[in-house]
Amino acid sequence: MRSSVIIFPGSNCDRDMDVALKKFGFKNQMVWHNDQSIPKSDLIVLPGGFSYGDYLRCGSIASKSKIIKSVIDFANSGGLVLGICNGFQILTETGLLNGILQQNKFLNFICSNVYVKVKDKQNKYFKDLKKDVLELHIAHNEGNYFCSEDELKLLEDNNQIAVTYCGKDGTENETSNPNGAIKNIAGIFNKNKNVLGMMPHPERMIDKYLSGEDGSLFFKNILDNFK
Amino acid sequence: MEVTEAVAIDHGLKKEEFSKICELLKRTPNLTELAIFSAMWNEHCSYKSSRKHLKKMHTKGKQVIQGPGENAGVIDIGDDDAIVFKIESHNHPSFIEPYQGAATGVGGIMRDVFTMGARPIANLNSIHFGSPQHKKTRNLLRGVVKGIGGYGNCIGVPTIAGQTTFDESYNGNILVNAMTLGLVNKNKIFYSKAAGLDKPVIYVGSKTGRDGIHGASMASATFDDKIEEKKPTVQVGDPFTEKLLLEACLELMADNSIIAIQDMGAAGLTSSSVEMASKGNLGIELNLSEVPCREEKMTPYEIMLSESQERMLIVLEKGKEEHAKKIFDKWNLDFAVIGKTTNSKKIELVFDNKKVAEIPIDLLAENAPIYDRPWKKTKLPQKLKFDKDEFKSLKLSDCLKKILSNSNISDKKWIWDQYDHTVMGDTIQKPGGDAGVVRVHGTNKAVAASVDSSALYCFSHPLTGGKQIVCESYRNLISVGAKPIAITNCLNFGNPEKEKNMGEFVECVEGIIEASKYLDFPVVSGNVSFYNETKDKGIKPTPTIGGVGLISDYQQMLTMDFKTEGNLVYVIGKTDGHLDQSIFARELLNEKKGPPPTVNLFNEKNIGETVLDLSRKNLIVSCHDVSLGGILTAVSKMCIKGKKGIKINTLKGLTNKYEYFFGEDQARYIIEIPKASLMKVNDILNKYSVHFDELGTVNGQSIEYKDDINLPIEELEDAHKYWLKKYMDS
């Protein structure tokens, strides 16, 4: 499976994503934000970091960058687009995903392991995933997902909520919500479920010496579904 | 403006220093020249009070590639890999403006490391605040933590370990020491020594603004009531630009275009240009009209003194200008040829086609004043005679809970949760352990690092304190299974013009030297911060040691959490029960006098090597050094982290349980041993003639000791984990 990771000035999880993708067998390429086009890919990843310094609003300037038109075209033609952390923020700024990411409820940056519940498996990311609850890792200051009531209803009706923060046993409540996100939302899809944005970093959880290994399941599953 | 003695004094120079300048120059300097002298001759840049003593540091070793004197120290970790590291203070600015002060501290130290061609792979910090009751403490702590996180998180370098303490002596002067480790190929290290004539001098990075002017002089003076007025001397950081600068510099460093490179840190363009020329024994000519400026009508004086962040000065190979410019254009950074190297051995500044300054380099560097300041020895305090009958009213379990929730012992998760400690995907030991550990990307190796200081011990007896911190750093590295290699130090002291403070400095340094020699744990970089004093009240002497060690196979890394029920727990090293200067004495007896625990370097080395041997042979499964709070505190942390209890044996020949459990004797570790390894462990302990106590067995969900202690882990955790969060929320 061919993948491309876009590097914006200020991206800082681009290498980690490259390492993770290659570890599981993706043929990955790095693409510079000022490029006009993206090499032929089956998956485009917008990595975490602080694109353009997070100035103006997180993800806002990246959503107007040169490369982004190709990303939008690719998404609209049904290609898989994955945005992690800052990548998720960029996707909401482009309008490919609904809603916004506000500052965390307790106003602090949070770097911590979290559990997320997989809410929908009828998509190319989570189909046939063996676990319902994954242990992943978050590291962000603006991960507090918010959207209007109408948008939320649409997300729920179309099963566009991808993952929600939960406890180890899968319970979703206020204590298992690290940043105040509405309905504990940690990640969402677009309507066609080819675009996924999520705050947790699967690329930081890919071997047992790191914070955990559930990120491996995530990447392997994408590959399995592609075959 | 006419330069007079009064103007010189306003610039932080002493009367005698001004006369010396006039004498050396054989004329009165103009204002720009005076500014350059004041920047180069202040304590922060010239090390004029400390140099005499720092010279004696133990700085050489088999694995040392570069010792003190460069942007950072470099050590060899095999296979052509080298680690570049340094610690630096940003105390004064952080007290005036905690967010920016701390943030630019982190930015500055990272630049020191990537200037040498290394990609930063880990950050650490040692931060010290006033009493929790002091009205400024909470906000300063919040600002500093946010600043450190704001900068490091944005660059994408994990913050893997740290230390936070509270003491009333920091009420008017907090300490913020930041450390960075970088990874470089040992054949591709870049230095700051210029070479060759007529080579282009390049300015890259951010534009120059009026921020931070006189920053280095501010950091070389004590504080008074008017510190609020000093806010404009604090630099403002932009981590985004630094991230771009990092990537651009590393890209340019991939080929052979750079002759020398130096970041513009304290005293900005002045110190960077003078240092490069001085090291290369050359002259340098700068055309200040070419310097990219952020503000209009900046004068040569301002340009030379600005401490705007995220700037670098490079001496480039001739003909490489276009190639280099292309890289900096790609990263949207300023790039300007602002001068050249010359054979004049002078710094010559031109502005608007007029020469505005001309100073022989050696007057600024080698001829800078060096002081042999008078100092006073601190006598070893008399050992206290505790009234042990008084102890009897204290319940062991209450004492333990009180100690675990002490501000200096309690868990600092509230802080490190705000630091990205997992970015780069190689952090295998997070903050909260004895040392942070990151893998050397793509290899089996891992690097461990820790920061330590013991102001209370150093205050009580500087010589012992100096030795103790080096040993503590050594132990922390060994506790995670790393072989200690080298240290960096940040020497935070009061006013060197006072004999007592100068004495504290001299004796702490002596202690550091003695221990680092004995343990073969050389000092490869560091910095000195004097004048941590407000209205005549100085801080307790706080040398901070940043230690770095190597784990050749990261699968052998150790952690402190208890692993398996039924495993045996030993205390390695002898416990005499030294309570003077302990947390127990302070917290429960309100006793602050007495000497710190004795440091026995033979024991430190022998016991350290024993533990390392045990870990290399995979005979132990967890390890933790015993430090503040003694055995019971150490064991509690192992229980909390492992979510497992311990049944402590009835100890034979125990004279006093309080002394045994809370004494802070040095050179001790606690190890967890699987039953199957026991015989081999005993053999090795005997081979090294190391004293050990069979403390107990990993068991159940509580700490149990006879009828004295029966504390469930949740209760320990409550005492230990939430003090800081509650404090910050209140």
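The values are calculated or read from the model by the stated rules, or taken from the named source; none is laboratory data. As the structure is a computational prediction, the values presented were derived from the model and not from experiment. So basically every Cβ, Gly included, is an ideal-geometry build from the backbone, and we count neighbours across all protein chains shown. Surface areas here come from the heavy atoms of the whole protein model, side chains and all, with no ligands, DNA or RNA. Shrake-Rupley method; radii C 1.70, N 1.55, O 1.52, S 1.80 Å.
For the reader, a short list of remarks on this structure follows.
- Placing pseudo-labels 7 Å out from each Cα toward the beta carbon at B:Phe602 and A:Lys22 gives an inter-label distance of 5.2 nm.
- Per-residue [θ]222 nm for the protein assembly as shown (sum of -39500 (n - 2.57) over DSSP H runs n ≥ 4, rounded to 500): -9500 deg cm²/dmol
- Table column - 3J(HN,Hα) (Hz), region A:48-60, Karplus curve with 6.51, -1.76, 1.60, x for Gly and Pro: x, x, 10, 4, 6, x, 6, 5, 6, 8, 4, x, 5
- Within the protein assembly as shown, antiparallel bridges make up roughly 75 percent of the DSSP beta bridges whose residues both belong there.
- Alpha-carbon centroid distance for the pair region B:73-127 / region B:334-400, whole angstrom: 16 Å
- Charge-dipole axis of region B:607-685 as Lys and Arg at +1 and Asp and Glu at -1 on Cβ define it, positive-most pick from B:Ile620, B:Ile671, B:Cys639: B:Cys639
- Going by accessible surface with a 1.4 Å probe and the largest first, B:His128, B:His90 read B:His90, B:His128.
- Under 20 Å from the Cα of A:Lys124 - lysines, other chains or at least 8 residues apart: A:Lys22, A:Lys23, A:Lys27, A:Lys40, A:Lys191, A:Lys193, A:Lys220, A:Lys227
- Computed FRET value (nearest 0.05) for B:Asp707 with B:Lys643, which takes r as the C-beta separation and R₀ as 22 Å: 0.35
- For region B:523-582, the calculated P(r), taken from all Cα-Cα distances in 10 Å bins from zero up to the bin holding the longest distance, is 12, 21, 30, 24, 11, 2 percent.
- With semi-axes defined as the square roots of five times the eigenvalues of the C-alpha gyration tensor, the equivalent ellipsoid of the protein assembly as shown measures 42, 41, 24 Å, largest first.
- Chain B has equivalent-ellipsoid semi-axes of 47, 27, 22 Å, by the square roots of 5 times the alpha carbon gyration tensor eigenvalues, sorted largest first.
- Normalised Debye scattering of region A:2-226 at q = 0.09, 0.10 Å⁻¹ gives log10 I(q)/I(0) of -0.30, -0.38, counting only Cα atoms as equal scatterers and leaving out solvent.
- Ratio Rg/Rh [Cα only; Rh per Kirkwood] for region B:554-636: 1.03
- Here is the size of region B:495-599 from its Cα atoms: Rg then Dmax, 19.1, 58 Å.
- For region B:282-379, the list of trypsin sites (Lys or Arg not before Pro) that fall in a loop by DSSP and count at most 13 other C-beta atoms within 10 angstrom reads B:Lys297, B:Lys318, B:Lys377, B:Lys379.
- Neighbouring Cβ atoms from other chains, within 10 Å of the Cβ of residues in A:48-56, number 4 on average.
- Amide hydrogen neighbours beyond the local backbone of A:His137, cut-off 5 Å, H modeled: A:Val114, A:His201
- Among the GluC sites (Glu not before Pro) found in region B:253-332, those both in a DSSP coil and sparsely packed, with 16 or fewer other Cβ atoms within 10 Å of their Cβ, are B:Glu295, B:Glu296, B:Glu317.
- Of the trypsin sites (Lys or Arg not before Pro) found in region B:491-573, those in coil by DSSP whose Cβ has at most 12 other Cβ atoms within 10 Å are B:Lys535.
- Compactness relative to 2.2 N^0.38 Å, alpha carbon Rg of region B:123-272: 1.25
- Computed about the Cα centre, the dipole magnitude for the protein assembly as shown is approximately 1220 debye when only Lys and Arg (+1) and Asp and Glu (-1) carry charge, each at its Cβ.
- Stokes-Einstein diffusion coefficient of region A:101-227, Kirkwood radius over Cα pairs, 25 °C, 0.890 mPa s, in µm²/s: 167 µm²/s
- Counts of other chain beta carbons within 10 angstrom of each beta carbon in peptide A:107-118 average 4.
- Residues of region B:559-585 with an amide N closer than 13 Å to a point placed 7 Å from the Cα of B:Lys680 along the Cα-to-Cβ direction: none.
- Over region B:369-483, the alpha carbon radius of gyration divided by the compact-protein estimate 2.2 N^0.38 Å works out to 1.49.
- The calculated P(r) of region A:32-130, using every Cα pair and 5 Å bins from 0, goes 2, 11, 19, 23, 19, 13, 10, 3, 0 in percent.
- Summarising the label geometry, the points placed 7 Å from Cα in the beta-carbon direction at A:Asp42 and B:Asp387 lie 8.0 nm from one another.
- Helix B:137-155 axis, angle to chain B major axis (alpha carbon atoms, nearest 10°): 70 degrees
- With Cα atoms as the point set, region B:35-122 shows a radius of gyration and Dmax of 15.3, 46 Å.
- Peptide A:207-213 has a mean of 4 when you count, residue by residue, the C-beta atoms of other protein chains within 10 Å of its C-beta.
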